[in-house]
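Below is one structure, written out as C-alpha cells; the observations come after it.
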Amino acid sequence: MLARVDLAEVAAAFGGLLHAAGVLVSPERGGRFATAVTLVRPATLAELYWAGRVTLVGGQPEIEVYDRVFGQVFGGRADVADWRGQAPPSPSAGPVPGTGVRPADGLPPASDGDGDDRDDGDDGPRGTADPAPPPAAGADDGGGLPPEADRADVLAAASAEERLGHTDFAAMTDDELASLRRLIAALPLATPARASRRAVRHPRGRAIDLRATLRRARATGGDPVVRVFRRRTQRPRHLVLIADVSGSMAPYARAYLHLLHGAVRATRADAFVFATRLTRLTRQLAAADPDVALHRALAAAPDWSGGTRIGEALAAFLDDHGRRGMARGAVVVIVSDGWDTGDPAALGEQMARLARLAHRIIWVNPRKAATGFQPLVAGMAAALPHVDTFVSGHSVAALDEVIAAIGAGEVGR
C-alpha cells in the first residue's frame, strides 16, 4: 500500500491536519514519522498508529486529538472528499455525520503516560499492559493440542462456519449475514492479466529496442552486433460489478454488498447498484471500515428494494461510464435474477453493446440454484445470448464459481 503513494506527501498532509487540529507537529516530527514508516513498514493500522504516535505526539494533552484525526484519515470513518475545500472536522466533535460512530472508535487504547513510550527503568515501558499471568496447570503450553473443552468449541465453530458457507443467502438471518463479512473477505479475488501498452527490456522480447540497440552499436563501430529486445508488461484487467438491489433481489443484495466492498478494496474495482436507476458506489465502498462503507452505500441508493429496470440501468452505465473506457477489456459481473419490468428487447440491445466492449460478462443469478430452474424470464432470456459465464452465487460456497469465472482467461490484448 505504501509503495503506491508518495510517503512524503502523505506525511506532510497528515501532519498538516494534526497541526490544524491542535497538535504541534513540526517539519522535524513529520520527517521522523516518514522515516519510522519506511523502517517499520507497518502492515496493520495499529502498527501505523503507534509509528505516528511516538513520532508526532509531544505530550499527554495531544493524544486524544491525535486519536481522532488518525481515525478520520486512516480509519476511513471520515471521507476527505466529503469536506474538501472546507475546514476539517473539529477534533472535539461528536460522531462522524452519517455513521453514528466517533472517529477514535476502534483505535488502540491510549496509554496513561506523557506520550513518551521509552523504557524508564525497571518499571517497564509506559502504556503497556501488565504481563499475562502464567497458564494454569493442565493448560496448553502452545506446543500440543488444546484441552478437550477448547477442542470441542473449535470443532463446533468450524462446523457452524461450514454450514453457513452452504446456506442460501435468502435463508440467512441478519446476524448470519453480518458474520459473512470475514468469509467473503477471505475469498481470493483477482482478475486475469492483459498486455499493457508499456514495454520493458527483456531477453525474450519480440520487439527490438532500437534506441538501446544503436547505443550499444557505438562500441562496435556502428554495427548492431548486440540487439536489445523489449516486450509488453502485464497488468490485471479492470473489474466492474453491477448488482441488482430491487425488491426481488433484497435477500441477496445485502450479502453481495460485502463482495462489492471487498472487490473495491482489493482490486480497485468499480461498483454499481441499480433498481429503477443506476447508482455508482465506488467511493462509498472504498472506506476501510466495512460498517461505514455499507452505511454510506445504503444511504447513496435511494431506490433500494424498488422496481427493476435492467435495460435502462445498463444503458446509463454504457453511456456515462462504459464506452468512455471503464468497460473496455474489463471483466463485468452482473448480479440479478433477470426480473425486468422494462422492454426485454432494450435489455438485449444494451447487453450486445456491453459484449462488444467487455472482455467477459459474468451473470450471477441466485435463482439458478433452484431445482428445475430454466431461464424463461423475459429479461434473463434476452441477456443470456451475450453472457460468457452464467452462475448462481447463492451462497458463500457458490461464490467460488464466481471467483473462478472472474479470474479465468488468458493474457489478451
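A compact table of results
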quantity	calculated
Cβ pairs under 7 Å, 6+ apart, first in the stretch 202-223 and more than 30 Å from residue 234 (Cα to Cα), second surrounded by 10 or more Cβ atoms within 10 Å (Cβ to Cβ)	223/217
The stretch 364-388, residues that are outside any loop (DSSP other than H, G, I, E, B) and open to solvent by less than 40 Å² (accessible area, probe 1.4 Å)	364, 366, 379, 380, 382, 383
Residue list for the stretch 303-352, filter: charged (D, E, K, R) and either surrounded by 19 or more Cβ atoms within 10 Å (Cβ to Cβ) or within 21 Å of residue 191 (Cα to Cα) (or both)	309, 312, 323, 324, 328, 337, 340
The stretch 231-251, subset hydroxyl-bearing (Ser, Thr, Tyr) and open to solvent by 10 Å² or more (accessible area, probe 1.4 Å), residue nearest to residue 338 (Cα to Cα)	248
Residue identified as modelled with pLDDT under 85, assigned to a helix (DSSP H, G or I), open to solvent by 20 Å² or more (accessible area, probe 1.4 Å) and out of contact with any strand residue (DSSP E or B) (no Cβ under 6 Å at 6 or more places or on another chain) among 81, 87	81
Selection within the stretch 35-60 - open to solvent by 30 Å² or more (accessible area, probe 1.4 Å) and either closer than 13 Å to residue 73 by Cβ or assigned to a helix (DSSP H, G or I) (or both)	35, 38, 39, 40, 45, 46, 47, 50, 54, 60
Looking only at the stretch 255-300, and only at residues there that are surrounded by fewer than 21 Cβ atoms within 10 Å (Cβ to Cβ) and of a type in the set (Gly, Ala, Ser), the one that is farthest from residue 337 (Cα to Cα)	288
In the stretch 391-412, residue modelled with the highest pLDDT [restricted to those that are open to solvent by 50 Å² or more (accessible area, probe 1.4 Å) and of a type in the set (A, V, I, L, M, F, W, C)]	404
Unique residue being modelled with pLDDT of 80 or more and in contact with a Leu (Cβ under 6 Å, 6 or more places away or on another chain) when the list is 191, 213, 220, 233	191
Top-ranked residue in the stretch 177-210 [being among the charged types (D, E, K, R) and closer than 30 Å to residue 361 by Cα; ranked as most open to solvent (accessible area, probe 1.4 Å)]	197
Candidate set from the stretch 12-34 (those that are outside any helix (DSSP H, G or I) and in contact (Cβ under 8 Å) with a residue 24 or more places away in the chain); member that is surrounded by the most Cβ atoms within 10 Å (Cβ to Cβ)	25
Scope the stretch 261-283; condition modelled with pLDDT of 95 or more and of a type in the set (Gly, Ala, Ser); matching residues	271
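The values are calculated or read from the model by the stated rules, or taken from the named source; none is laboratory data. Note that the structure is predicted; figures quoted are calculated from it, not measured. Quick reminder, even Gly has a Cβ in these numbers, built from the backbone with ideal geometry, and neighbours come from all protein chains shown. The area values use the complete protein model at the heavy-atom level, side chains included, leaving out ligands, DNA and RNA. Shrake-Rupley method; radii C 1.70, N 1.55, O 1.52, S 1.80 Å.
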